[in-house]
1. I'm a student and want to see the number: the projected area of the Cα convex hull of segment 1-91, averaged over all directions, in nm².
2. On alpha-carbon atoms, Rg over Rh for the chain using Kirkwood Rh?
3. Calculate, in whole percent, how much of the Cα-Cα pair population of segment 39-198 lies beyond 19 Å.
4. Just to compare against my own numbers: the Cα pair-distance distribution for segment 1-43, 5 Å bins, whole % per bin, please.
5. Sequence gap at least 6, Cα distance under 8 Å: using those rules, report the relative contact order of the chain to the nearest whole percent.
6. State the percent of C-alpha pairs, over all pairs in segment 41-105, separated by a distance greater than 14 angstrom.
7. Only bridges with both residues in the chain count here: give the DSSP antiparallel percent, nearest 5.
8. If one computes the Cα centroid of segment 119-177 and of segment 241-313, what distance in Å separates the two points?
């Protein structure tokens, strides 16, 4: 469960030691420490490296800041071909601190559970690089898709090549599987997603899938489930708005499905969490399912509630 550490007091103590968020991400020892915490304290059966999807724009030459209570912010954005031309294709050495964190986390995990690497999907990274921050509509980013498609494809190409190099480096450092997060997939129409998102996701899957299993999580992209099922990924993540049986029918049985409990379920009492989690497990069935939430945890969810979810999954039998 990505961001599982955010509910842990132990995580918050390490976060305080780090100072600002970006310094936290760039400190391999601290990043490795909080990567392992959910395994030790919540009992999850995989770890995901602590990092941020926006390390890719920074490695390409577009630094960002993390504004407390507001999120990421870019002082400079990509608005023209000249802006795109100034960006480089990120290389392994540009993100050495992530690889160091992976190696440290692998050593600490000592084979207990697999370690997941990750990156943002190209459209989501493009959205931040052109919008400059988070947004409800990403209208600036979408405007570029409509008004300057050639420039958009050129930027997406650079992001894709950078992401492939980045994920290859994560695997080389020890990641056992990798996941693509397309957090803003749902702001695009099906046609625009097919043009400006899916082809680049498919290329990344093709580049990595012969080395490690690849998971694709495209939030709110219910319209893309069948198309994602045609890519070479191994796992497709479902958010909590996606019907399980419908998703299986659209995707087929050659992919594992991941998800998809509503994170807000974990605000309820333990009895309800257990009942609803078991209901989800029965709906997915005994095969080809990775039990998970349908998105990340919220920081104010109680640790014991998360542990209840994890324990329910582990104890359940068909």
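1. Numbers: hull surface 27.9 nm².
Hull-based average projected area comes out at 7.0 nm².
2. Details: Rg = 18.9 Å, Rh = 20.0 Å.
That ratio is 0.95, to two decimals.
3. Values: 7109 of 12720 pairs.
Distances greater than 19 Å cover 56 percent of the Cα pairs.
4. 5, 25, 37, 23, 8, 1
5. On the way: 542 pairs, mean separation 53.7, N = 318.
In percent, rounded to a whole number, it is 17.
6. Working: 1411 of 2080 pairs.
Beyond 14 Å sits 68 percent of the P(r) for segment 41-105.
7. 15
8. Using only Cα atoms, the two centres lie 28 Å from each other.
Values in this text are rule-based calculations from the coordinates and carry no lab data. Nothing here was measured: the structure is a model prediction, and the numbers come from that model.
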